1. Go through segment 417-443 and report how many residues are under 12 Å from T389 (Cα atoms) and free of Cβ contacts under 8 Å to residues at least 40 places away in the same chain.
2. Name every residue in segment 85-140 that is part of a loop (DSSP other than H, G, I, E, B), modelled with pLDDT under 85, touching a His at 6+ places or on another chain (Cβ under 9 Å) and of a type in the set (G, A, S), in order of residue number.
3. Is it true that some residue in segment 258-277 is at pLDDT 95 or above, open to solvent by less than 40 Å² (accessible area, probe 1.4 Å) and closer than 15 Å to P376 by Cα?
4. Out of all the residues in segment 180-197, which are assigned to a strand (DSSP E or B) and within 18 Å of the chain's Cα centre (by Cα)?
5. Can you pull out the residues in segment 210-241 that are open to solvent by 30 Å² or more (accessible area, probe 1.4 Å) and at positive phi?
6. When you check K252 against the structure, is it among the charged types (D, E, K, R), surrounded by 14 or more Cβ atoms within 10 Å (Cβ to Cβ) and not in a strand (DSSP E or B), yes or no?
7. Checking the structure you have, find out if any residue of segment 63-74 is modelled with pLDDT of 80 or more and in a helix (DSSP H, G or I).
8. Report whether or not T328 is touching a helix residue (DSSP H, G or I) at 6+ places or on another chain (Cβ under 6 Å), of a type outside the set (A, V, I, L, M, F, W, C) and within 30 Å of V56 (Cβ to Cβ).
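The values are calculated or read from the model by the stated rules, or taken from the named source; none is laboratory data. Keep in mind that what you see is a predicted model, and the values were worked out from it rather than measured. When we count neighbours, we look across all protein chains shown, and the Cβ atoms used for this are built from the backbone with ideal geometry, even at glycine. Side chains included, ligands, DNA and RNA excluded: accessible areas come from the protein's heavy atoms. Shrake-Rupley method; radii C 1.70, N 1.55, O 1.52, S 1.80 Å.
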Amino acid sequence: MLNIPSQSFPAPSSQQRVTPGRSKVPLKPGRSLMDWIRVTKSGKDLTGLKGRLIEVTEEELASHNKVDDCWICIRGLVYNVTPYMEYHPGGEQELMRAAGADGTDLFDQVHRWVNYESMLKECLVGRMAVNLGTMAKDSLSSTKGQKLHINGLPVAEKATEPASKDISPRYDWFQTDTTVTVLIYTKQKDLSSDCAIADLLDGVLRLEVVLGELSYLMHLRLSHEVQAHISIQTSSAVGKVEASMIKMSNNKWKELGVPLDSHNSLLKCTDRGIFFRKCTLVSKCQVTHDTKLFTLRLPHGTSFQVPTGKHVYLKSLIKDREIIKPYTPVFRTLLPDHQDGNSKDIFLMIKIYPKGAFTSNMETLQIGDSLCLSSPEGQFSTSHLHDITNLYCIAAGTGFTPMAKLLRHALQDLALLRKAKLLFFNRKEKDILWMDHLQHLAVEDKRFEVEFVLSEPSTEWDGKRGRIEMLLLSNFMSKTPDSKHFVCVCGPAPFTEQALGLLEKLGYCEEEIHAFQG
């Protein structure tokens, strides 16, 4: 798939290094990485779907297997790589090895480290179609003869075997005169408080529990009316999730409800379709001259938290085109305070591009307008951080957004942390996001340090100048035998790739680094 530059991460001895004999091919003029990045930012429709995301069946994927019509699946996500053919350093033949098929294994053999999500995000067609998975017998009988849909899309009726009888969660429910409570026994200890995602709308309960790489789903039309509010509690000691609802009347329920699509199923998270709910814009405020903080409020019947390092998708219909973009939520402020906001508020720091169809539309939204927001997505896990002593964050521009929650989590929750440092690259001083917050945090917590680097500084700027390079990084980071480090990187694709190459030269291994989607 995406070929590895000769001087780049991972180390030459790594099994993820490109195999011997594999080499770059000569590219036509105007087909460099920077040229490809310009194409992705041009606003052209690179998927052929006019901004829509779809569910892709195996048959549909297999039909796109030609040089002029090539789709490839990586980790459950399908990309139309046709426009990328001429820009691929390994040549079109390398891409064609996975044409119309799942190229995950091939990708991992060649260059797993590459941030393909960022490089190909404008080529994203959608997810592979969700299999129905394990379903209760009454669910199967109730849907017999009906055409099933997920997120409004038809789903092939192909049942799969349970992921494992030993790990499949089970559920139960009980009631009082006024409440109904659903219990999910996950068989997994140390559940995080943010593992449950609940949506209750028009009598339909959708309750998803994320268990590492697996997703368990309950999906029911409740047998009686309840109030449009749901309360979620997790008990990590016994691996239990409780969802409580208030009855509209005191009658006794004979059954919980009627199973709907994918009820009682356990699937890989990457096989679970993206689910959206309609949120309300409650505020927007200026952060810098071209960046704003948007506050979206979840519906009354929705309950979830966005874990550190995860992102969400926003979906909007613009000029009859459905456009979907990923953003990483932040807190209302970098420093903890009692005004962190309503527990149902999602804060998104978004740079407004005058010619960007999506962000210019965001700019015109009025308070009270609606926008569709997905459940949390992403591969990052805070388990990488539990025993580290030094956290280094390297960010450029809006690549700062995943670092905001990460730094706050590290300083509040990592018992062994001695130092957290942020190296923050921008063009001009006016572009720096939350500069005052970061400087205040450095004063409040002596473990935290921030260094700003500008590529186009004014004559009055007395801080660091330039772009990312070896000397800058080596002065910023330090290794000692008694410390354990972790490095996070986020920014435009060229910035991230250059940072990874420099980190390799500084001796950082793959397990010590995470590159967020830029």
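1. Summing the residues that are under 12 Å from T389 (Cα atoms) and free of Cβ contacts under 8 Å to residues at least 40 places away in the same chain in segment 417-443 gives 3.
2. A136
3. Yes: one or more hits.
4. Those that are assigned to a strand (DSSP E or B) and within 18 Å of the chain's Cα centre (by Cα): A196, I197.
5. G212 - this is the single residue of segment 210-241 that is open to solvent by 30 Å² or more (accessible area, probe 1.4 Å) and at positive phi.
6. no
7. Yes; the residues of segment 63-74 include at least one that is modelled with pLDDT of 80 or more and in a helix (DSSP H, G or I).
8. yes
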